[in-house]
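Where a number appears in this text, it was derived from the coordinates with a stated rule and is not lab data. Predicted model only: the values in this text are computed from it and were never measured. Backbone-built Cβ (ideal geometry, glycine too); neighbour counts: all protein chains shown.
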Amino acid sequence: MKAESRKSDRIAGALLLLLSAGYGLEAMRLQADFLADPLGPRAFPLLLAAALGLFSLYLMFKPDPDPDWPPRRVLAGQLGMLLSFVVYSYALAPLGFLLATTLEMAWLSRLFGADWRRGFLGGLGLAVGLYLIFVFGLGIPLPLGRWWPG
């Protein structure tokens, strides 16, 4: 059990602890004009921040003595996923929910080994299904983007 082999868990734990602190601080700023439930809008995000903080402390103080890193191919896929979520969040308003979600799901399907055709068709089906559920079932408007009238 070398100290060097535990370093990666401790670094990840410290970064996650910073993330949980920032997330918790942002959750404290949440306010609602009306009381949606007895706990208010802060309860769930604060619970998530606390859980992440506890798990990050566990990583820092009880690191794996011999961590196994995934192959570079897997790490590249994870990085591709992370970057795609960032691009998706910026593309959602200008492209609209249907197009942005279809493209995101096609890309994620491709990362998991599907061919482009199946990924696109599956993404389109998921986007349309989610759009119908949110807009017509739950009454939550979703952006249509600059390409669609209305």
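Solvent-free Debye calculation, one equal scatterer per alpha-carbon of region 72-137: log10 I(q)/I(0) at 0.13 Å⁻¹ equals -0.37. Residues whose amide H lies under 5 Å from that of Gly96, counting only those 5 or more places away or on a different chain, are Gly145, Arg146; hydrogens are built 1.01 Å from N in the peptide plane. The region of the chain that goes longest without hitting one of the chymotrypsin sites (Phe, Trp or Tyr not before Pro) in a DSSP loop, each with at most 10 other Cβ atoms within 10 Å, is 35-111. Listed values for region 131-144 are Karplus-derived 3J(HN,Hα) couplings in whole Hz (6.51 cos²θ - 1.76 cosθ + 1.60, θ = phi - 60°), namely 4, 4, 5, 5, 6, 8, x, 9, x, 9, x, 10, x, 8, and x replaces Gly and Pro. Using only Cα atoms and rounding to the nearest 10 degrees, what angle (0 to 90) does helix 97-111 make with the longest principal axis of the chain? Long axis of 97-111 versus the principal axis of the chain: about 50 degrees. The translational diffusion coefficient of the chain, from Stokes-Einstein at 20 °C and 1.002 mPa s with a Kirkwood hydrodynamic radius over alpha carbon pairs, comes to 114 µm²/s.
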